[in-house]
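Down below is the structure, laid out as structure tokens.
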Amino acid sequence: PVYNFCVAVDDASMGITTVIRAEEHLTNTLRQGLILDALGAPRPRYAHCSLILGEDKQKLSKRHGATSCNQFRLDGFLPDAMINYLALLGWNDGTENEIFARDELIEAFDISRIVKSPSVFDMDKLKWVNSQHLKQMEIEEILGLVEEQLHFLDMIKEGADAEKKRDFVFASTAVAKQMMETLQDAATNAKTVMGYNLPATFDELADGSEAKQMVKQGNFYGISMKLMEMHEGKSFPVPNSGDLLAAFLDGSTNKGIVEDRQTGGDETSYPQEYKATMKSMAKEMKVKGKNLFHPVRLALTGEMSGQDVPKQLSLLAMAVGDDSAVNAVAADVVPIEARMERLKSFCESIPDEFRVSKTNAGGDKGKSEKGSKKDANGKKESAASSSAAASSSPAQDDPLSSYEGPPITALDIRVGRITKVWTHEEADKLYCEEIDVGEDEPRLIASGLRPYLSEEDLDGRMVLVLCNLKARKLAGFPSHGMVLCASNEDHTEVKLVSVPVDAKIGERVSVPGFNFEGEEAKPFAENKIGKKKVFEKIAPFLKTSEYGVPEFCGRPLLTSAGVCTSPINNGSVS
């Protein structure tokens, strides 16, 4: 009784006109209304919302996790992302849009759009909303917040040099920005980069792990021995101590880069020197592609995946030395010298059978062991000698046999035509395009192709468009989809995927061996593509063949008019 009396008096004295609260207060409304009538005060308008539930479908409470706004701040969530997500719990604006700036929410909110069913507080969805807000922000906008996260982990020295600290924070932000779901990810990623998780011996690698399987292929041992030899002879390139930010800055504009495939610096900087060394190693050791880059990555970083290696080594260089801004103990820094020592110990433990490349093992199983054929001089050659000659060719495994990701049918890849293209007014790497993909209106899409292609290269071109990506703003431009391109191994060359001229605008691209008809083959919804990171999981298996044919797990991308092509061989598609 006292509660209802106090609430009524409080509302009357403050002139409250509208009360929006949880459905638990429905039973209190009549009592409070009668008290207000007795006081001669006007009744406010009342609205009651459904409860917010935890993921176990029980009323949200302290046992479900974070209990204060400050805890979410400590966990790396942006204030605007929190407001955005909380507004979506029990409300929507009637469209599929889920990402709102604060002023956009104020303009869009209408109480009639509040839904009756209870909402579930989904931490994964909150992280996704937060990641979308982070993607829309420039590096400089979040430096202070990332620095705060680094301090939370005690990774910054007290009284560190201001310039060195800023460079480290900038590099930590730039290298992680594309993969960040929370601000905390920048700090934890930096700690991973500065650490070195290669075990001391081969036997300590987990059985069946990607790393152990790769080492067993035999390339790792020889490449690691070469890296250690170059390090000892001081011929392996190291970041320039006077320009450690080169890997994170565009050499022509001096602006931060966040695309992992984009090489920082100019033609004389460390990233280019590193790239030249990789090309030299590939030629000398007669190994290329993943058979070179995967062993190099594991040897230098201790990980099978991660950001661009020159960026990682540049970040590591910032953490080494007495004058560094980094607390090396708290950050678990493992310098390059210590990495080489552990690598040496690891290589010594590799069994002899895994010290020779297996890529040249195995015979030509497609040929009969009987019979003979003629050599270049017309002489007959025995099947045995033919098989021995053929054994220099690598055995071909079907990549689909080991694929465990989402189905390729999850992607809605369509044939489109660029009807209009212009340069973005502010972002110096973006083109803005209108693309006809067979819908009532052309799609507006922004693509970072200005460093690689001219407007003339794009205007009027038929292209492949990934259409079920969620619309988002890129440098203020509303972009809905992505133009698929092929690129070489180090992403210095990027070209459009070519579509057969007789292909139909708007038709969906298919892949042989997969059923693209029926309900089960429908593309995933845009929300699911983003939330489950579907494209990120499929992308590593989208490659171009030795003949430049874009493929998924070795199967070509097809239109009704035939196979798509590209001018880049043995590259990636994204």
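The values are calculated or read from the model by the stated rules, or taken from the named source; none is laboratory data. Keep in mind it's a predicted model, so treat the numbers as computed, not measured. Glycine gets a Cβ as well: all are built from the backbone with ideal geometry, and neighbour counts include every protein chain shown. For accessibility, only protein heavy atoms count, side chains too; no ligands or nucleic acids. Shrake-Rupley method; radii C 1.70, N 1.55, O 1.52, S 1.80 Å.
A few notes on this one:
- Here ASP56 clears all of (1) modelled with pLDDT under 90; (2) open to solvent by less than 40 Å² (accessible area, probe 1.4 Å) except the condition numbered (2).
- Hey, TYR46 of a type in the set (Phe, Trp, Tyr), surrounded by 12 or more Cβ atoms within 10 Å (Cβ to Cβ), at pLDDT 90 or above and in contact with a Ser or Thr (Cβ under 6 Å, 6 or more places away or on another chain) or not: yes
- Residue match in the stretch 542-564 (condition: part of a helix (DSSP H, G or I) and at pLDDT 90 or above): no
- Candidates ALA211, ALA176 - the one that is among the small types (Gly, Ala, Ser) and either open to solvent by 10 Å² or more (accessible area, probe 1.4 Å) or at positive phi (or both): ALA211
- Residue check, LEU36 modelled with pLDDT of 95 or more, open to solvent by less than 30 Å² (accessible area, probe 1.4 Å) and farther than 29 Å from GLY256 by Cβ: yes
- For the stretch 82-123, the set of residues classified as touching a residue at least 60 places away in the same chain (Cβ under 8 Å), in a loop (DSSP other than H, G, I, E, B) and either open to solvent by 70 Å² or more (accessible area, probe 1.4 Å) or of a type outside the set (A, V, I, L, M, F, W, C) (or both) consists of GLU96, ASN97, GLU98, LYS116, SER117, PRO118, ASP122, listed by residue number.
- Pick from the stretch 422-442, criterion part of a strand (DSSP E or B) and open to solvent by 20 Å² or more (accessible area, probe 1.4 Å), ranking: farthest from LEU474 (Cα to Cα): ASP436
- Of the listed requirements (1) within 30 Å of LYS135 (Cβ to Cβ); (2) free of Cβ contacts under 8 Å to residues at least 24 places away in the same chain; (3) open to solvent by 70 Å² or more (accessible area, probe 1.4 Å), ASP243 misses just one: (2).
- Which numbered condition ILE156 misses (of (1) open to solvent by less than 50 Å² (accessible area, probe 1.4 Å); (2) closer than 28 Å to LYS533 by Cα; (3) touching a strand residue (DSSP E or B) at 6+ places or on another chain (Cβ under 9 Å)): (2)
- When residues of the stretch 179-207 are limited to those that are touching a residue at least 12 places away in the same chain (Cβ under 8 Å) and among the small types (Gly, Ala, Ser), the one most open to solvent (accessible area, probe 1.4 Å): ALA200
- For ARG508: the one exception among (1) farther than 17 Å from GLY481 by Cα; (2) at pLDDT 90 or above; (3) open to solvent by 60 Å² or more (accessible area, probe 1.4 Å): (1)
- Cβ-Cβ under 6 Å pairs, at least 6 apart or on other chains, the stretch 209-222 side among the basic types (Lys, Arg), far side part of a helix (DSSP H, G or I) and surrounded by fewer than 20 Cβ atoms within 10 Å (Cβ to Cβ): LYS216/PHE354
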